[in-house]
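Let me begin by presenting the structure, written as structure tokens, before commenting on it.
Computed from the coordinates by the stated procedures, all read-outs in this text should not be read as laboratory data. These figures come from a predicted structure and were not determined experimentally. Please note: Cβ atoms are built from the backbone with ideal geometry, for glycine as well, and neighbour counts cover all protein chains shown.
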């Protein structure tokens, strides 16, 4: 429970419906759509689209989406993979022949076809109550009139504006400079694109003027994208993966996302009695860091497009694998770092969850991979083009090797936790590569330490970064803990700002009550009625 003698916030409650996300305008949009007769799916899609203008460096029409939907009648959870594919004419051999060992994050070859609009269309058509045109209206208004830039977005804008190139600079800078806190960001060009989609549906994005604008921009930059790459884009329905953790279930999506990584990490942690350790102490941080090192190493070996190897996650999720990896952890000493992955790691994203009066629950995550994606934007409509293809491997024969028409390893993972008959909870943790560790950390905070939702989100975070092997600590950890971790063999550094963000809504199935929490590391909120 929140200590009302100091700063912070408490867990929010609502009886009817709730949204938790990283910006207040998106939360308000979601609730407005519910009041217009929409359900949680309509609200989540509408709120996510608004986030594209509240946090345009993190997500947008040129990005990807993953989602899970819980049916209150059956308790079943359905998954949707709305990630895009590499253009058909591109493959790793072409880039290797050019002397590349990785796909550059600012290269046109990093741009995979955006999957978000097809995913949004499919979600609303199959599961919503409203039509896509209605769901798009709030985003159209905000794009046209503009959104005041919040402090966190201004920090990100200043940090990552140098990544913008070409038309990206025209559409996402203000007189050549990053947008400052309190300034107004508007995108009438994207408002025009959204109006075309509202009128003609998803085909307006994957064909016609919008598609041609993106293809012309990509071809001018040296890409091999063609109209057919866009015409064949389609989100995929998928089953979910589930792990029992001390009487609670962690539910994730399968590859090409890294949900299996979160499950493996939790399965390793399940083999340690974490509840006996200080939640903010060096011993717990160390075990979580070592589990991260091992689980992410497995991810980089096994996860890629499931169409290339539909069974490649099975070995990762076996009890034998968890036993073997847990056995490699020395509780007193850091293990040796494995080879660093050369493919790019994700930087940040946005997340939204919504529960409506019927208790339909949605967990949705939306991203352009790196801030401002590739840095490229389509010239006419200003659509920021993601660089998710930088997550491919160029190693011959690798499960995640770049091939035309394949989906890359994806870091995006919406989550669910539940305990049959007790509660169900959509949740998400942002923070780029931290996401899988964040899921396991949040789960452990709730289950092993009995924290409430807001406490579990507020608690300090650490992350063993697979990119460089450093153990990154937020400022909530004491210098004494940092020194002890260094003694254990970790290369310790401090995070300049908080790691990512998180949101969650817990449905108390017995009391029929909603409890929500939102991360102070972002500017959002849990809002309900």
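Measuring r between the beta carbons of residue 125 and residue 513 and using R0 = 35 Å, the FRET efficiency lands at 0.65.
Suppose we take every Cα in the chain and form the convex hull; what volume per residue is that in Å³?
Hull volume normalised by residue count: 134 Å³.
Stretching residue 35 away from residue 486 to a fully extended chain increases their span by 157.1 nm, per 0.36 nm per residue minus the current alpha-carbon distance. Packing, taken as the mean count of other beta carbons within 10 Å per residue, orders the peptides 28-35, 440-447 from highest to lowest as 440-447, 28-35. Neighbour counts of C-beta atoms inside 10 Å place 57, 488 in the sequence 488, 57, starting with the fewest.
Panel order for 507, 457, 383, by other beta carbons found within 10 Å of each beta carbon, from fewest to most: 507, 457, 383. The calculated FRET efficiency for the pair residue 158 and residue 98, based on their C-beta separation and a Förster distance of 45 Å, comes to about 0.85.
Projected label points at residue 422 and residue 271, each 7 Å from Cα along the beta carbon direction, are separated by 2.5 nanometres.
Ranking request for peptides 409-415, 163-169, 508-514, 150-156: highest mean number of other beta-carbon atoms within 10 Å first, then the rest in descending order.
The packing order, highest mean first, is 409-415, 163-169, 150-156, 508-514.
Panel order for 268, 329, by other beta carbons found within 10 Å of each beta carbon, from fewest to most: 329, 268. How many angstrom separate the Cα center of region 151-182 from the Cα center of region 81-119? The distance from the Cα centre of region 151-182 to that of region 81-119 comes to 24 Å. Placing a pseudo-label 7 Å from each Cα along the Cα-to-Cβ vector at residue 249 and residue 78 gives an inter-label distance of 1.7 nm. With each label modelled as a point 7 angstrom along the Cα→C-beta vector, the residue 10-residue 200 pair spans 5.3 nm. The calculated FRET efficiency for the pair residue 226 and residue 184, based on their C-beta separation and a Förster distance of 45 Å, comes to about 0.75.
Rounded to the nearest 500, what is the chain's calculated 222 nm mean residue ellipticity when only DSSP H runs of at least 4 contribute -39500 (n - 2.57) each, over all residues?
Working: 17 runs with 178 residues, N = 529.
Helix-only estimate at 222 nm: -10000 deg cm²/dmol.
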